[in-house]
Amino acid sequence: MPLTVNQALDEFIQRFIRFSKTHPEVTTMEYDADWPSVCYRTGTDETSGNLISWEPVLRDQITDFSELSAALELTLHPDVAMFYTRYWSDNIFAQHPSGPLQILQAWNEDDLSRLQQNIIGHILMKRRLRQPETIFIALTDQEDFILSVDNQTGAVMLEQVGLQPKEQVSSNLATFLSEIEPTLPHF
């Protein structure tokens, strides 16, 4: 039976946590009291500017993106809502057979709101250009290229911002997540 997005994301996050044990620099950042998150590991010096460890945290409550769907008068592909609302996390660098990338995630409620606003802007741009509606999920190391989910098919696509998707990277988000491995920051 194929993996669900939640299962594939859980497995990827576990691979990331194991990777961070041997590469702690991927989960070290400057603490910012003005940008709180449950991802900050407790028991460390939470003074702004100090280096502090963080880790992805499974969310207690899942956001359903219904307000976003209503605002767009569009049903968002369910894989996207699961992808963005399963964990609180910083963005994560990874490697896919097609190239390096940075998985986008929400750090806190404010970040999730900003993410939703950016998704609205992206979809409105796609509509103005009369292109298939996509929802971005990752950055690539190529300038102006992103990875997105085709809202109709659920396929993960490589697209240049403002242009039609260039190529299919994976048949669906769960498959894509099972194909990537965490890496050190590379762009």
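The values are calculated or read from the model by the stated rules, or taken from the named source; none is laboratory data. All values derive from a computational prediction rather than experimental measurement. As a convention, Cβ positions derive from the backbone with ideal geometry for all residues, glycine included, and neighbour counts pool all protein chains shown.
Below is a table of values for the structure above.
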read-out	value
Single residue of the stretch 95-136 satisfying the filter (in a strand (DSSP E or B), among the hydrophobic types (A, V, I, L, M, F, W, C) and touching an Asp or Glu at 6+ places or on another chain (Cβ under 9 Å)) that is farthest from Leu76 (Cα to Cα)	Leu101
Restricting the stretch 145-171 to residues that are in contact with a Pro (Cβ under 8 Å, 6 or more places away or on another chain) and not in a strand (DSSP E or B), the residue that is farthest from Gln95 (Cα to Cα)	Gln152
Residue match in the stretch 33-56 (condition: of a type in the set (D, E, K, R) and either assigned to a strand (DSSP E or B) or in contact (Cβ under 8 Å) with a residue 40 or more places away in the chain (or both))	no
The lone exception for Thr85 - which of (1) surrounded by 15 or more Cβ atoms within 10 Å (Cβ to Cβ); (2) farther than 17 Å from Leu9 by Cβ it fails	(2)
Single condition Asp34 does not satisfy, out of (1) at positive phi; (2) of a type outside the set (Lys, Arg); (3) more than 20 Å from the chain's Cα centre (by Cα)	(1)
Subset tally (residues that are aromatic (Phe, Trp, Tyr) and without any contact (Cβ under 8 Å) to a residue 24 or more places away in the chain) for the stretch 1-32	1
Residue satisfying all of: in the stretch 89-118; crowded, with 20+ Cβ neighbours inside 10 Å and aliphatic (A, V, I, L, M); nearest to Phe187 (Cα to Cα) among these	Leu101
Long-range neighbours under 6 Å by Cβ, at least six apart or interchain, first residue more than 16 Å from Ile103 (Cα to Cα) and buried (at least 17 other Cβ atoms within 10 Å of the Cβ) within the stretch 139-167, second β-branched (Val, Ile, Thr) and at pLDDT 95 or above	Asp150/Thr134
Matching option when the condition is in a helix (DSSP H, G or I) and under 21 Å from Asp150 (Cα atoms), among Val80, Val26	Val80
Positions within the stretch 51-81 being of a type outside the set (D, E, K, R), crowded, with 19+ Cβ neighbours inside 10 Å and either at pLDDT 90 or above or touching a strand residue (DSSP E or B) at 6+ places or on another chain (Cβ under 7 Å) (or both), in sequence order	Ile52, Trp54, Pro56, Leu76, His77, Val80, Ala81
Unmet requirement for Phe187, which otherwise passes all of (1) outside any strand (DSSP E or B); (2) surrounded by 17 or more Cβ atoms within 10 Å (Cβ to Cβ)	(2)
Among residues of the stretch 87-120, those that are among the small types (Gly, Ala, Ser) and farther than 25 Å from Asp60 by Cβ, counted	3
Residue under evaluation Gln117, criteria (1) within 23 Å of Ile17 (Cα to Cα); (2) modelled with pLDDT under 95, criterion not met	(1)
Ile180 vs. criteria of a type in the set (A, V, I, L, M, F, W, C), in contact with a strand residue (DSSP E or B) (Cβ under 6 Å, 6 or more places away or on another chain), touching a residue at least 40 places away in the same chain (Cβ under 8 Å) and closer than 19 Å to Ala71 by Cα	no
